[in-house]
Amino acid sequence: MAMVRTRGRAAVAGMFLVAAMVLSGCGAGGDKATSSEGAAAPQADNAQPQDAGAGKSGAGTDSKSGAGGAAQPTVTRAIIKTGRLTIETADVNKQRQAAITIVAGLRGQVSSEDTGSENDGRITRANLVLKVPTPAYETAIERLSALGTRTSIHQESSDVTEQVVDVDSRIASQRASLERMRTLLAKASSIAEIVSVETELTRREADLESLLAKQKALSLQTELATLTLVITEPGKAPVVEKEDKGFLAGLKGGWNAFTATFFALSTAVGALLPFLIVAALIGIPLWRYRHRLRRTPVAAPAVAGASGPTPPTGSHQP
């Protein structure tokens, strides 16, 4: 019996020892896990600012590129160029033909031409208004100046980029507005709604056509530069008159308007005078004859059935 009890106690002690070992192993595993998690957490915390910094830098790059692209879009400058060039040469007609050839070689054209000649038909002055592509404007001036002695040159340029961008933006908005109005027209169910939408649609289409015409005009002005070329013989350069301003300019303009009005009225009176004379020759006699007819007395008609003279008033018959 004593041996059995000793063996039971040894078995119980062995079980407690095994349980203690298991519990110590679990605790060590838990500590290892905790320590691994604690070691991983700082790494994650350390990695998180890097990722955040990377995200911020990437976002900053994207925002800069995106915002920069939106705030500063690539816009082609729209410039209107005009100029006036005067040259002198002994043979005006020959250099005039050469100027036309130069402009045609630059894909330009002659917009208008005004020439002057002597009594014998020899051309002594040529005034050409040329249209050349804007990129070839400087080349045109250089080549045309070589046709003779350049005596004067005047150039102007105006930037209309803002107008071009504004018109393009308004055209895009107007087209989007028209699409919305067409959608509303398709959904209209009553005659009143259809009439109202069609009226607004017509008005907006007219506004769009006006904007398109303005866009076309700006495009032509920016794509083609205007250059006025004056070719004269030596010593016969045209004198550019200065415009009068102030009181004398107003007086001169008023006098010109008065004389123009007087000559117009006198021309009209001269044209109507033959008709007035004929009307007077026919109308005055007719008017006098009608006036005389009105003044002539009309005889009283005789009373029917009266055989004798009317007795005097107050007489009594027997």
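The values are calculated or read from the model by the stated rules, or taken from the named source; none is laboratory data. Note that the structure is predicted; figures quoted are calculated from it, not measured. Reconstructed Cβ throughout: ideal geometry from the backbone, glycine too, with neighbour counts over all protein chains shown.
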When restricted to I123, I153, the only residue closer than 23 Å to D91 by Cα and either exposed (fewer than 13 other Cβ atoms within 10 Å of the Cβ) or at pLDDT 90 or above (or both) is I153
Scanning region 211-253 residue by residue, those at pLDDT below 70 and touching a strand residue (DSSP E or B) at 6+ places or on another chain (Cβ under 9 Å) turn out to be K236, A237, P238, V240
Taking region 139-193 and keeping residues in contact (Cβ under 8 Å) with a residue 40 or more places away in the chain and touching an Asp or Glu at 6+ places or on another chain (Cβ under 7 Å) leaves G148, T149, T151
Condition check for T222: under 30 Å from V110 (Cα atoms) and either of a type in the set (V, I, T) or without any contact (Cβ under 8 Å) to a residue 24 or more places away in the chain (or both):
yes
Of the residues in region 182-197, those that are in a helix (DSSP H, G or I) and surrounded by 14 or more Cβ atoms within 10 Å (Cβ to Cβ) come to L184, L185, S196, V197
Subset of region 83-138, residues in a strand (DSSP E or B), in contact (Cβ under 8 Å) with a residue 60 or more places away in the chain, hydroxyl-bearing (S, T, Y) and more than 12 Å from T232 (Cβ to Cβ), comes to S111
Of (1) within 28 Å of the chain's Cα centre (by Cα); (2) more than 19 Å from Q97 (Cβ to Cβ), K131 fails just (2)
